Amino acid sequence: MFKKIPLHTQILISLVLGLVYGVLAIHFGWVEFTQNWINPWGTIFVRLLKLIAVPLVLASLITGVASLSDLQKLSRIGGKTIALYLMTTVVALTIGVVVANVINPGLSVPSEMREQLQSLYEGDVEATAQNAVAAKSKGPLQPLVEMVPSNIFSSVSDNRAMLQIVFFAILFGIGLIQVENAKAKPMIDFFHSGNDVIIHMVDMIMLMAPIGVFALLAQTVTAFAGQGMGQVMELLGALGLYCMAVIMGLGIHSLIFLPILLKLLSPMKLKTFFQGMAPVQLLAFSTSSSGATLPLTMERAEEELGVSEEVASFVLPLGATINMDGTGLYQAVAAIFISQAMGIDLTFVDQLTIILTAVLASIGTASVPGAGIIMLVVILESVGVPSSGIALILGVDRILDMVRTVTNVTGDAVVATVVAASEGQLNTPVKS
Ligand code: ASP
């Protein structure tokens, strides 16, 4: 029955139903029922997606790099990809800084509200700050050190070590290029067939998307139940300008800048792009994880946008791991909001520091829910703003996480399309 309805419509319907159900559940006191009987389906769905994330990144990056057949091609495509990823992230951050300076969301937070929020989220702040201390206290080159795995088996058993897996896969792929053809072939065939199997697994898992998305939304909404709807509304009211600034920035980036880039640098029709990517964006919104969305991003980019397998399997896993336009933009707005709310003036140099640190922080952000706010602590400290300030925004972070993840996956798909176009490897399927 579901087969006839396009995937994005299925997901959209589930999303809305989940939302409505969540509100009803709070209203009628079905929260415990939801926790026991609905939430697990969302968790199962996300687990299934994560289950294939590591094998997918490994298999697709290794075959992706190896299929680039010579090092020259690899460095050309790799160079373009990294340059585009960096450029789009810097633009996203600049949009964030400009929007935050125009809207000045932090100036309207009443001081009682600030104190109230800080005491409400004291415990959460401590946990987040501790995570951030681990990320930060080891010196400026630590992110580089952590990118290099010392044991690949321990990296592949940790979804958060995706950057290490990417590093290994690229190195392994380069090794394969250098080995003589006859010897490399069995290895390449092995990963190729692994890749194909994974794509079929994605198809199976996506059959569960409508149920999974419904449950995830119901879970997200009922999580607010403890605080009561009234309090949630109050929170949204006080943080309304901040949320608006983040969402506006994300909107400008995703709906104006990225489409312009697409138009300028590829022959892709915007309608084809957004239609093809709609299920991916909805899944990113529901799961708040670009890592969990990656399998679908790859499938849709190849099948609906016509990005070649060679480009998709190199550019997209890399992007899901290091390219986070939405996260960077959000981090910039959040840092400025918190400083303003705490009455700390940021100079021009401070704002530049935010951009620079946020580029690195967004690269280092894991592609899982809530990772962005951990790295935000590092950014705040780089400009001398107390990290306890994140208490102000923790309450609405989940909602913004959903929206910024949509921008993250959109940015990856745009870059994949542009790189494919520049390599003559974009064969947009003609739709009947
Ligand atoms: N949830 C985001 C992602 O997976 C990362 C973040 O900003 O927290 O893309």
Taking the stretch 372-388 as the search range and keeping residues that are touching a residue at least 60 places away in the same chain (Cβ under 8 Å) and either more than 26 Å from T43 (Cβ to Cβ) or among the hydroxyl-bearing types (S, T, Y) (or both), which one is farthest from the ligand (Cβ to nearest atom)?
-> S388
Consider S289 carefully, then state whether it is surrounded by 24 or more Cβ atoms within 10 Å (Cβ to Cβ), within 16 Å of the ligand (Cβ to nearest atom) and of a type in the set (S, T, Y).
-> yes
Counted residues in the stretch 305-336 being within 16 Å of I247 (Cβ to Cβ), of a type in the set (S, T, N, Q) and under 9 Å from the mean Cα position of the chain (by Cα) come to 1
Examine the stretch 359-371 for a residue that is crowded, with 20+ Cβ neighbours inside 10 Å, small (G, A, S), in contact (Cβ under 8 Å) with a residue 40 or more places away in the chain and farther than 19 Å from Y85 by Cβ, and state whether such a residue exists.
-> no
Run T272 past the list (1) away from the ligand (no atom under 16 Å from the Cβ); (2) modelled with pLDDT under 95; (3) among the polar types (S, T, N, Q) and report the number of the one that doesn't hold.
-> (2)
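The values are calculated or read from the model by the stated rules, or taken from the named source; none is laboratory data. Given the structure is predicted, the values throughout are model-derived calculations rather than measurements. Heads up, the Cβs are rebuilt from the backbone with ideal geometry, glycines too, and the neighbour counts pull from every protein chain shown.
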